[in-house]
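See below for the structure under consideration.
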Amino acid sequence: MPQACITGTGSKIPKRILSNKDLENIVDTTNEWIIRRTGINERRLSSKGKSESTTDLATRASFKALEMAGISPKSLDMIVVGTVTPDRQFPSVACMVQEALNADNAASFDISAGCSGFIYALSMVSNAIQCGTCRTGLVIGVERLSSIINWQDRNTCVLLGDGAGAVVLGSTNNHVGILSTHLKSDGRFGDLLYSSDGNTYTPKILKGLEIKPFHLIMDGNRLFKQAVGCLSEIATEALQYNSISSDEIDILIPHQANIRIIKAMAKNLRIPMKKVYTNIHKYGNTSSASIPIALDEANREGLINKGAHVLLVSFGAGLTWGASLLKWRI
């Protein structure tokens, strides 16, 4: 049976930076409080008129991944996008990216799994490659969370940012690549993180944001406890499934939701923070885009060696969570 493996990575971040100091002029908060509670210093926001739509960001990240993989968009058999902030209700972001790439041979669709969208999409394309129905696929995580922020809610508006990350998946028979992917969900906890109708207020200093007619609501304290437990359990499941100890993990790339969640999970897994890649201080929580952005940065910084064991772990609205264990091939 063929094995799916990552052959290229790419990411795209909007130009506009919103610092913690800027947020002090929007809501009742401080730079010190945000850093202490979240680990975030700044985040990136997309702007109208700057070619930074969800599709734009996803397309640019995809071109970078395809360039690294050394393949043409026409070689793609599948394009799967994880997102909760599409440009339109339909057609899908994946179909719009397909048009932009001129990847006319690919079957294309979106997955809505909150912050776990990238892991869910990765599992979908990996399974298709293993089944032989796909030879080369493109997996994208992309969000413009700035469009669904309630800028009067200081507990959520300080957390979120925009961006896109992508990976190209190919096929191999050399016992490398995606060793396994594990997915879970529990709709009983959907009230901890969900969208609600109504969203019209935009601070004057954020002129140019595109605002959607709904906003995000989060029960942060309860969500924190669920996140740490679920992330730790699904990561342990991935390790045990592959008979690999936490000591054998070379790099852990978690969803960048909150630095306290990341540290608590790493402690539970007995993985030192020096092996954990974080960029939350630069970008905040970019939902389904956070893992592929971090993966691309770690890859381009030379932090992932060929043959390294890479553990990806995510948790998001639904509730959904997942993990994927990779043996790096690039």
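The values are calculated or read from the model by the stated rules, or taken from the named source; none is laboratory data. Quick caveat: nothing in here was measured; it's all calculated off a predicted structure. Cβ: placed from backbone, ideal geometry, glycine included. Neighbour counts: every protein chain shown.
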All but one of (1) under 30 Å from GLY8 (Cβ atoms); (2) touching a residue at least 24 places away in the same chain (Cβ under 8 Å); (3) surrounded by 18 or more Cβ atoms within 10 Å (Cβ to Cβ); (4) among the aliphatic types (A, V, I, L, M) hold for ILE244, so report the exception by its number. (3)
Condition first: closer than 30 Å to GLU24 by Cβ and at pLDDT 95 or above. Can you find one or more residues in the range 229-251 that meet it? no
Answer yes or no: is there a residue in the range 151-167 that is more than 30 Å from LYS21 (Cα to Cα), in contact with a strand residue (DSSP E or B) (Cβ under 8 Å, 6 or more places away or on another chain) and outside any loop (DSSP other than H, G, I, E, B). yes
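How many residues are over 26 Å from LEU231 (Cβ atoms) and in contact with a Cys (Cβ under 9 Å, 6 or more places away or on another chain) when one looks only at the range 173-202? Please lay out each step first, then the result.
Pass one, the range 173-202, residues over 26 Å from LEU231 (Cβ atoms): 173-175, 197-202.
Now narrow it down to the ones that are in contact with a Cys (Cβ under 9 Å, 6 or more places away or on another chain): 174.
Number satisfying all stated conditions: 1.
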Quick check on VAL84: is it within 21 Å of the chain's Cα centre (by Cα), part of a loop (DSSP other than H, G, I, E, B) and either modelled with pLDDT under 95 or not basic (Lys, Arg) (or both)? yes
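Residues are listed down the side, and each one gets a yes or a no for (1) in a helix (DSSP H, G or I); (2) of a type outside the set (Val, Ile, Thr); (3) without any contact (Cβ under 8 Å) to a residue 60 or more places away in the chain; (4) touching a helix residue (DSSP H, G or I) at 6+ places or on another chain (Cβ under 9 Å):
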| site | (1), (2), (3), (4) |
| --- | --- |
| GLN226 | yes, yes, no, yes |
| GLN256 | no, yes, yes, yes |
| ASN299 | yes, yes, no, yes |
| GLY302 | no, yes, yes, no |
Matching residues in the range 109-143 - criterion: being surrounded by fewer than 21 Cβ atoms within 10 Å (Cβ to Cβ), touching a strand residue (DSSP E or B) at 6+ places or on another chain (Cβ under 7 Å) and farther than 30 Å from LEU45 by Cβ: ALA128, GLN130, ARG135
VAL228 fails exactly one of the following numbered conditions: (1) under 30 Å from ASN150 (Cβ atoms); (2) over 21 Å from the mean Cα position of the chain (by Cα). What is the number of that condition? (2)
Only one of (1) under 28 Å from SER108 (Cβ atoms); (2) at pLDDT below 95 does not apply to GLN152, and that is (1)
List pairs: first residue in the range 100-111 and outside any strand (DSSP E or B), second residue surrounded by 17 or more Cβ atoms within 10 Å (Cβ to Cβ) and aliphatic (A, V, I, L, M) anywhere in the structure, Cβ distance under 6 angstrom, at least six positions apart or on different chains. ALA103/LEU76; ALA106/LEU76; ALA106/MET78; ALA106/ILE79
Looking only at residues in the range 182-224 that are in a loop (DSSP other than H, G, I, E, B) and small (Gly, Ala, Ser), which one is modelled with the lowest pLDDT? GLY208
Restricting the range 90-108 to residues that are under 20 Å from the mean Cα position of the chain (by Cα) and either surrounded by fewer than 16 Cβ atoms within 10 Å (Cβ to Cβ) or among the β-branched types (Val, Ile, Thr) (or both), the residue that is nearest to LEU145 (Cα to Cα): VAL93
